[in-house]
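One structure is given here, and the rest of the page talks about it.
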Amino acid sequence: LSSDNLAATDVTIKANVPITSTILVKAGEVYDGKGNTIIASGMGDGSQAENQKPIFRLENGATLKNVKIGAPGCDGVHVYGNATLENVEWLDVGEDAMTLKSKGTVTLNNCIAKLAYDKILQINADGTIILNNFRATTFGKVLRTNGSGQYTVTVTINGGTFSGGTNIVRTESKNLKVRYRNITTSNVTKLWEVPNASQVSTY
Ligand code: ADA
Ligand code: CA
Ligand code: CA
Ligand code: CA
């Protein structure tokens, strides 16, 4: 490819972006990572230790897109209310990848999560979680509600691939429903670990 044929606007330089504190995406704002990789330091080691810092904190109505989260993944992305995550890739999930901290609807479009020792999506509030073409490799649970909490949650999974893990959803909540279609799974021990099989349906 001759540089003569490459307009300046086509050039995307992918870089590592070092951070030492949480990136705040304020209510209604958009953070576009432009394909760059965030590398945290001093915020946690990405182990299973609780109380690591989140890489991102999304306030109500925030959008996070086109970003890779490198190791250490620390406590991932904390969401307060509604949010959209698009083309977000966790290269090596830390304690967990995303936590719903307060009630809201979170839509994840074309996101990828790799190398989660245990949980990818940690649900600590009522909510609606929509996964469109989510891809997960190596995990304990893709989605887990907190402890024995009876959270009212609807999980919709529209396309995606899930390989090498224990469960896609694990919950103790009788108030959680899963609807799914067009998923591909391999080496997942038990797809749905829920109190009653009637909580899971295709659509
Ligand atoms: C564990 C822990 C909870 C909470 C959760 C999380 O389940 O028991 O208190 O910290 O992890 O949000 O990571
Ligand atoms: Ca945890
Ligand atoms: Ca990991
Ligand atoms: Ca956590």
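The values are calculated or read from the model by the stated rules, or taken from the named source; none is laboratory data. In this text, all values refer to a predicted model and were calculated from it rather than measured experimentally. Cβ atoms come from the backbone with ideal geometry, glycine included; neighbour counts cover every protein chain shown.
Conditions: (1) of a type in the set (A, V, I, L, M, F, W, C); (2) away from ligand 4 (no atom under 14 Å from the Cβ); (3) under 27 Å from ASN175 (Cβ atoms); (4) in a loop (DSSP other than H, G, I, E, B). LEU108 meets all but one. Number of the miss?
(4)
Can you tell me which residue in the range 70-92 is surrounded by the most Cβ atoms within 10 Å (Cβ to Cβ), limited to those that are within 16 Å of ligand 1 (Cβ to nearest atom) and over 15 Å from LEU131 (Cβ atoms)?
Filtering first and then ranking leaves GLY73.
With the range 1-100 as the region, which strands (runs of 3 or more DSSP E) entirely inside it contain at least 1 residues that are under 15 Å from the mean Cα position of the chain (by Cα) and either away from ligand 3 (no atom under 16 Å from the Cβ) or at pLDDT below 95 (or both)? So that I can check it myself, show each step before the final result.
Working: elements: 16-19, 23-25, 30-32, 37-40, 56-58, 62-69, 77-80, 83-90.
Output list reads 56-58, 62-69, 77-80, 83-90.
Results for (1) more than 27 Å from ASN36 (Cβ to Cβ); (2) without any contact (Cβ under 8 Å) to a residue 40 or more places away in the chain, shown as yes or no for each residue.
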residue: THR99; (1), (2): no, no
residue: GLY104; (1), (2): no, no
residue: ILE129; (1), (2): no, yes
residue: THR145; (1), (2): yes, yes
residue: THR161; (1), (2): no, yes
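Conditions (1) in contact with a strand residue (DSSP E or B) (Cβ under 6 Å, 6 or more places away or on another chain); (2) aromatic (Phe, Trp, Tyr); (3) surrounded by fewer than 17 Cβ atoms within 10 Å (Cβ to Cβ), marked per residue:
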| position | (1), (2), (3) |
| --- | --- |
| LYS119 | yes, no, no |
| ASP126 | no, no, no |
| ILE129 | yes, no, no |
| ASN132 | yes, no, yes |
| ARG135 | yes, no, no |
| THR145 | yes, no, no |
| GLN150 | no, no, yes |
| THR154 | yes, no, yes |
| THR161 | yes, no, yes |
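Quick one: which residue in ASP96, ASP75 is touching a strand residue (DSSP E or B) at 6+ places or on another chain (Cβ under 6 Å), acidic (Asp, Glu) and within 15 Å of ligand 4 (Cβ to nearest atom)?
Numbers: ASP75 fails: touching a strand residue (DSSP E or B) at 6+ places or on another chain (Cβ under 6 Å).
Only one candidate qualifies: ASP96.
Do we find that VAL106 is among the aliphatic types (A, V, I, L, M) and buried (at least 24 other Cβ atoms within 10 Å of the Cβ) in this structure? Please lay out each step first, then the result.
Values: among the aliphatic types (A, V, I, L, M): yes; buried (at least 24 other Cβ atoms within 10 Å of the Cβ): no.
It is false that VAL106 is among the aliphatic types (A, V, I, L, M) and buried (at least 24 other Cβ atoms within 10 Å of the Cβ).
Could you give me the residue pairs with C-beta distances under 6 Å whose first residue belongs to the range 74-93 and is small (Gly, Ala, Ser), whose second residue is more than 16 Å from ligand 4 (Cβ to nearest atom) wherever it lies, and which are 6+ apart or on separate chains?
The qualifying pairs are GLY81/ASN60; GLY81/GLY104; ALA83/ALA62.
Can you give me the number of residues within the range 115-125 that are more than 9 Å from ligand 4 (Cβ to nearest atom), of a type outside the set (Gly, Ala, Ser) and either within 10 Å of the chain's Cα centre (by Cα) or outside any strand (DSSP E or B) (or both)?
First pass over the range 115-125, keeping only residues more than 9 Å from ligand 4 (Cβ to nearest atom): 115-118, 120-121, 123, 125.
Then drop every residue that is not of a type outside the set (Gly, Ala, Ser), which leaves 115, 117-118, 120-121, 123.
Filter once more, keeping what is either within 10 Å of the chain's Cα centre (by Cα) or outside any strand (DSSP E or B) (or both): 115, 117-118, 120-121.
Counting residues in the range 115-125 that are more than 9 Å from ligand 4 (Cβ to nearest atom), of a type outside the set (Gly, Ala, Ser) and either within 10 Å of the chain's Cα centre (by Cα) or outside any strand (DSSP E or B) (or both) gives 5.
Is it fair to say TYR203 is more than 19 Å from the chain's Cα centre (by Cα) and either free of Cβ contacts under 8 Å to residues at least 12 places away in the same chain or surrounded by fewer than 20 Cβ atoms within 10 Å (Cβ to Cβ) (or both)?
Working: more than 19 Å from the chain's Cα centre (by Cα): yes; either free of Cβ contacts under 8 Å to residues at least 12 places away in the same chain or surrounded by fewer than 20 Cβ atoms within 10 Å (Cβ to Cβ) (or both): yes.
Taking the combined requirement at face value, the residue satisfies it.
Rundown of residues vs (1) farther than 22 Å from SER41 by Cα; (2) out of contact with any Lys or Arg (no Cβ under 6 Å at 6 or more places or on another chain), yes/no style:
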{"site": "GLN52", "(1), (2)": "no, yes"}
{"site": "ALA62", "(1), (2)": "yes, yes"}
{"site": "LYS65", "(1), (2)": "no, yes"}
{"site": "GLY70", "(1), (2)": "no, yes"}
{"site": "VAL142", "(1), (2)": "yes, yes"}
{"site": "THR154", "(1), (2)": "yes, no"}
